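> One structure is given below, represented as structure tokens, and several questions about it will come after.
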Amino acid sequence: MTNKLYGVDLHRTFVSESGGATHAIDNVTISIGAHEFVSLLGPSGCGKTTLLNLFAGFDHPTAGHVYLDGKEISAPGPDRGVVFQEHALFPWLRVEDNVGAGKRLQARPAQERREIVSRQLAMVGLEKFARHYPHQLSGGMKQRVSIARALANEPEVLLMDEPFAALDAMTRSQLQSELIRIWSETRKTIVFVTHNIEEAVLLSDRIAVMTARPGRIREIIEVDLPKPRDPNSPNFNAIERRVREILWEGVSSDLH
Ligand SMILES: Nc1ncnc2c1ncn2[C@@H]1O[C@H](COP(=O)(O)OP(=O)(O)O)[C@@H](O)[C@H]1O
Ligand SMILES: [Mg+2]
């Protein structure tokens, strides 16, 4: 497996004005392969967003290094597309202009840009909503636009921070299926943050199970089931159980 993203001995400590320190992540080493789908799973506050922000280049590690294709990451770049929990669309732009807003895409000739935008809108099933504004869309549709926008800029890696957490169960389930299809079609490398065990098992090739205070990777679980997966199958349930046990071990050892 070729390394795509590589975090080596990462630490991130936040120091408050009063001098108190939060070790948000401590000693995290993780290697993510090209075309791989890896989830960062753990309870709220365990450092998932902190870690994803280091990959995105929004933030810098207190110690350690992050590499993409062997090159150290020091800032955000078009090689990484980010999708947040709350959509971050421009409210004053139509859907098609939101999808076309990426920097790499803006550098393309207009005709080519239009083609890429309509292809991405079709990929997320929103061709008919190209001329709408974000406020005219449901939460699920806005997240589809966010995904289309990230993909339209042709990133190497898609970084997703609990992208479906604010959606109702049915919409969430629909978008999970679509993400599996999009991942199979585009073969993107995806790093996906979630606190939901079923979601992690449904989507991931590997799950990095994290523990809180300080945030560490407790174990990396390989999910060796063909996709799309059946959440009611015994194999699926067995992996869910194992992940749950590892998560709970982490919580109970925190209490002692
Ligand atoms: N900018 C910041 N300043 C101070 N503390 C922060 C900052 N960002 C995150 N933290 C703290 O770091 C820890 C991990 O946060 P975060 O990465 O957001 O967790 P998660 O995404 O897993 O819920 C938390 O204790 C949080 O309060
Ligand atoms: Mg978070």
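> Using only Cα atoms, find the angle between the long axis of helix 169-186 and the longest principal axis of the chain, and express it within 0 to 90 degrees, rounded to the nearest 10.
With both axes taken from Cα atoms, the answer is about 80 degrees.
> Would you mind ranking HIS60, HIS135, HIS35 by Cβ crowding within 10 Å, fewest neighbours first? Write out the running numbers ahead of the final one.
Details: HIS60 13, HIS135 8, HIS35 16.
By the 10 Å Cβ count, ascending, the order reads HIS135, HIS60, HIS35.
> Report the Stokes-Einstein translational diffusion coefficient (µm² s⁻¹, integer) for the stretch 1-117, Rh taken as the Kirkwood radius over Cα pairs, at 20 °C with viscosity 1.002 mPa s.
Numbers: Rh = 16.4 Å.
Reported coefficient: 130 µm²/s.
> Over the alpha-carbon set of the chain, divide Rg by the Kirkwood Rh and report the Rg/Rh ratio to two decimals.
Numbers: Rg = 18.5 Å, Rh = 18.9 Å.
Radius of gyration over Kirkwood radius for the chain works out to 0.97.
> On to the next question. Could you pull out the trypsin sites (Lys or Arg not before Pro) across the stretch 170-256 that fall in loop regions by DSSP (anything but H, G, I, E, B) with no more than 14 other Cβ atoms inside 10 Å?
In loop regions of the stretch 170-256 (DSSP not H, G, I, E or B), the sparsely surrounded trypsin sites (Lys or Arg not before Pro) are ARG187.
> So which of LYS4/LYS142; LYS142/LYS188; LYS142/LYS227; LYS103/LYS227; LYS103/LYS142; LYS71/LYS227 end up more than 27 Å apart, counting from Cα to Cα? Could you put the intermediate results ahead of the total?
Details: LYS4/LYS142 29 Å; LYS142/LYS188 21 Å; LYS142/LYS227 25 Å; LYS103/LYS227 33 Å; LYS103/LYS142 20 Å; LYS71/LYS227 31 Å.
Those over the limit are LYS4/LYS142; LYS103/LYS227; LYS71/LYS227.
> Using alpha carbons only, how many degrees (0 to 90, rounded to 10) separate the axis of helix 234-255 from the longest principal axis of the chain?
60
> A further question follows. In Å and whole numbers, how far do the C-alpha atoms of the stretch 125-238 stretch along each principal axis, longest first?
45, 34, 27
> Ok, one more. Under a point-charge model restricted to the Cβ atoms of Lys and Arg (+1) and Asp and Glu (-1), what is the dipole moment magnitude of the chain relative to its Cα centre, in debye to the nearest 20?
Numbers: 30 positive and 32 negative charges, 146 e Å.
Rounded to the nearest 20 debye, it is 700 debye.
> Using alpha carbon centroids, what distance separates the stretch 120-170 and the stretch 67-94, in Å?
Each part reduced to its Cα centre gives a spacing of 14 Å.
> Once you keep just the Cα pairs under 8 angstrom separated by 6 or more residues, what percentage relative contact order results for the chain?
Numbers: 494 pairs, mean separation 63.3, N = 256.
Relative contact order here is 25 percent.
> Right, another one. Could you please rank MET210, MET141, placing first whichever residue has the fewest other Cβ atoms within 10 Å of its Cβ?
Numbers: MET210 25, MET141 20.
Exposure proxy ranking, most exposed first: MET141, MET210.
> How far, in degrees from 0 to 90, does helix 110-123 lean away from the longest principal axis of the Cα atoms of the chain, to the nearest 10?
On a 0 to 90 degree scale, this one is about 60.
Readers should treat all values here as calculations from the given coordinates under stated rules, not as data from a laboratory. Computed from a predicted structure; not experimentally measured. Note that each Cβ is placed from the backbone with ideal geometry, even for glycine, and that neighbours are counted across all protein chains shown.
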